[in-house]
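Undergrad: Okay, here's the structure, questions in a sec.
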Amino acid sequence: MSSHEREHRLTLADFDYALPPELIAQAPCAERASSRLLHVAGDTLTDLQFRDLPELISPNDLVVLNDTRVIRARLIGRKASGGRVEGLVERIDGRDTAWLQIRASHLPKIGSSIEFAAHTAATVIARDGRLFHLRFGIDESLLEWLERHGEVPLPPYIARRAEADDALRYQTVYARHAGAVAAPTAGLHFDQALLDALALRGIKTAFVTLHVGAGTFAPVDSDDIAQHRMHSERFDVPAATAEAIAAAHARGGQILAVGTTTLRALESSVDDRGDVRANAGDTRLFVTPGFRFRAVDRLLTNFHLPKSTLLMLVSAFAGLHTIRRAYAHAIASRYRFFSYGDAMLLEKSLRDR
């Protein structure tokens, strides 16, 4: 954190900006890697194409990606009264149970029933704040049932229903482990040709899994950002990835995290000596300016919502002043924002090196 930022206690307003609504991408580019890339290195801003990324990475570096797979988490149902219900699965926690966000004119009570697709009844068995715990009357696993009856959970700022193409495009090409209800969007820009280009340059890749929850879109309500309660997300940093990070450090390379979810998984897995270790569990890591990054040197990310925890994270990583300049440049240059938008490659703030 800069001396100015220390003197001025940061509030939610420090992470606000005005975005013309037409810059919110409503659909992906025709080709994944045809998106734009803004390289942010301190005061230097460089406009590039995403296909230029391999030229910005040393063969000694390691690129770490999140291989979570987005599930069909959006549901439409009816209460016994006939009232419409919209559900978004936050987390599956059993063969036939899950926690959901529920939208309805009158929220359901514990013990009530909601009918979803294929006449499937789900009983509300508990509530925790904005989340409802439901048990589905199904014979198969809930994951299998969602694959047949759920919808692709496009973010709330995409003002349309999911279409057939979204099932492919709102998913990374390397997605493996089902469980996310929002895509790790920095990875959406990679196609197989770009992954092959990295390999051709001798650049190694490794994977973590962090199942992105719907809480990633939850607003920060308190002006005092320290009062915000971060949502919990499951993650796994496998031993092979921890070993690949150690090997990259041994050869003098840097760690490039693809997405804020990858960064949060890695920074949640640093031991007392500053080494990334194999680790699995839940993380509520909330990164704000002043955070000391010990696992990640470079960050590839999309443009984030005003007043969001993700905007706070990138401001911590690259510096609040730097991010403000970069976002102002991106708006003036008509970059596309949010999940289906363009990308940034951020170099870590000098104070953290």
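The values are calculated or read from the model by the stated rules, or taken from the named source; none is laboratory data. All values reported here derive from a predicted model rather than from experimental measurement. Virtual Cβ from ideal backbone geometry, glycine too; neighbours counted across all protein chains shown. Protein only, heavy atoms only, side chains kept; ligands, DNA and RNA dropped before computing areas. Shrake-Rupley method; radii C 1.70, N 1.55, O 1.52, S 1.80 Å.
Undergrad: What do you get for Rg/Rh over the range 257-311 if you use C-alpha atoms and the Kirkwood form of Rh? Spell out each step's value before the answer.
TA: Numbers: Rg = 11.6 Å, Rh = 12.1 Å.
Using only Cα positions, Rg/Rh for the range 257-311 is 0.96.
Undergrad: For the range 1-103, report the accessible area per residue in Å² (1.4 Å probe, heavy atoms, rounded to an integer). Before the final figure, lay out each step's value.
TA: Numbers: 4850 Å² over 103 residues.
Ligands and nucleic acids excluded, the figure is 47 Å² per residue.
Undergrad: Roughly how many whole Å is it from the C-alpha centroid of the range 22-71 to that of the range 332-350?
TA: So the two Cα centres are separated by 8 Å.
Undergrad: Nearest 20 debye, what's the magnitude of the dipole of the range 279-353 about its Cα centre given +1 on Lys and Arg Cβ and -1 on Asp and Glu Cβ?
TA: Details: 12 positive and 5 negative charges, 42 e Å.
Approximately 200 debye in magnitude.
Undergrad: For the chain, with a Gaussian network of springs between Cα atoms less than 10 Å apart, report the residue from Ala182, Ala280, Ala343 with the top mean-square fluctuation.
TA: Answer for the Gaussian network model of the chain: Ala280.
Undergrad: Now, a different point. Taking the DSSP beta bridges in the chain as the whole, what percent of them are antiparallel, to the nearest 5?
TA: On the way: 49 of 68 bridges.
Percentage antiparallel, nearest 5: 70.
Undergrad: Among all the lysines, which ones have a C-alpha under 24 Å from Lys307's C-alpha, if same-chain residues fewer than 8 places away are not counted?
TA: Of all the lysines, those that pass the test against Lys307 - Cα under 24 Å, at least 8 places apart if same chain - are Lys348.
Undergrad: For the Cα atoms of the chain, what angle does the longest principal axis make with the long axis of helix 320-332, in degrees from 0 to 90, nearest 10?
TA: 80
Undergrad: Along the Cα-to-Cβ line of Ala197, 7 Å from the Cα, sits a label point; which residues in the range 26-50 have backbone N less than 17 Å from it?
TA: 29-40, 46-50
Undergrad: Stretch Ile110-Ala240 to full length: gain in nm at 0.36 nm per residue minus the Cα-Cα span?
TA: Values: separation 130, 0.36 × 130 = 46.80 nm, distance 4.38 nm.
Result: 42.4 nm gained on full extension.
Undergrad: In whole percent, and with a 1.4 Å probe on the protein chains, what portion of the accessible area of the chain is carbon and sulfur?
TA: Details: 7770 of 15500 Å².
Percent of accessible area from carbon and sulfur atoms in the chain: 50.
Undergrad: Okay, next question. For the chain, with a Gaussian network of springs between Cα atoms less than 10 Å apart, report the residue from Pro153, Pro54, Pro20 with the top mean-square fluctuation.
TA: Pro20
Undergrad: How big is the equivalent ellipsoid of the chain along its three axes, where each semi-axis is √(5λ) from the Cα gyration tensor, reported in whole Å from largest to smallest? Walk me through the numbers before you get to the answer.
TA: Numbers: eigenvalues 232, 101, 85 Å².
Over the Cα atoms of the chain, the ellipsoid semi-axes are 34, 22, 21 Å.
Undergrad: Still on this structure, I have one more. Calculate one ³J(HN,Hα) per residue across the range 170-176 by plugging θ = phi - 60° into the Karplus curve 6.51 cos²θ - 1.76 cosθ + 1.60, and present them in order as whole Hz with x for glycine and proline.
TA: 8, 7, 6, 6, 10, 4, 10
Undergrad: If you don't mind, another one. How would you order 330-336, 316-322 from highest to lowest mean count of nearby Cβ atoms within 10 Å? Write out the running numbers ahead of the final one.
TA: On the way: 330-336: 16.3, 316-322: 22.6.
Most protected by this proxy first, the peptides run 316-322, 330-336.
Undergrad: Moving on to the next point. How much length is gained on full extension from Arg251 to Asp282, taking 0.36 nm per residue of separation minus their Cα-Cα distance?
TA: Numbers: separation 31, 0.36 × 31 = 11.16 nm, distance 3.10 nm.
Working it through step by step, the gained length comes to 8.1 nm.
Undergrad: So with the 1.4 Å probe, I'd like the accessible area per residue for the range 201-353, rounded to whole Å². If you can, show how the numbers build up before the last one.
TA: Numbers: 5810 Å² over 153 residues.
Accessible area per residue: 38 Å².
Undergrad: PRE reach from Ser232 (point 7 Å along Cα→Cβ): which of the range 74-90 fall under 17 Å by backbone N?
TA: 90
Undergrad: State whether the range 155-298 is rounded, prolate or oblate according to the following rule on the C-alpha gyration tensor (a ≥ b ≥ c being the square roots of its eigenvalues): a/c under 1.5 gives rounded; otherwise a/b larger than b/c gives prolate, and the remaining case gives oblate.
TA: On the way: a/c = 1.99, a/b = 1.10, b/c = 1.81.
Verdict is oblate for the range 155-298.
Undergrad: Put a dot 7 Å past each Cα toward the Cβ at Tyr174 and Thr46; how far apart are the dots in nm?
TA: 2.2
Undergrad: Kindly provide the helix-only [θ] at 222 nm of the chain, computed as the sum of -39,500 (n - 2.57) over DSSP H runs of four or more divided by all residues, to the nearest 500 deg cm²/dmol? Before the final figure, lay out each step's value.
TA: Values: 8 runs with 69 residues, N = 353.
Result for the chain: -5500 deg cm²/dmol, rounded to the nearest 500.
Undergrad: With a 10 Å cut-off between alpha carbons and a GNM built on the chain, which of Val212, Val124, Val70 moves the most?
TA: With Cα springs under 10 Å in the chain, the top fluctuation among Val212, Val124, Val70 is at Val124.
Undergrad: About the Cα centre, and with charges only on the beta carbon of Lys, Arg (+1) and Asp, Glu (-1), how big is the dipole of the chain? Nearest 20 debye, please. Show your work: numbers first, answer last.
TA: Details: 43 positive and 43 negative charges, 93 e Å.
I would put it at about 440 debye.
Undergrad: Per-residue counts of other Cβ atoms within 10 Å, averaged by peptide: what ranking do you get for 288-296, 260-268, highest first? Spell out each step's value before the answer.
TA: Working: 288-296: 17.4, 260-268: 27.2.
Descending mean neighbour count gives 260-268, 288-296.
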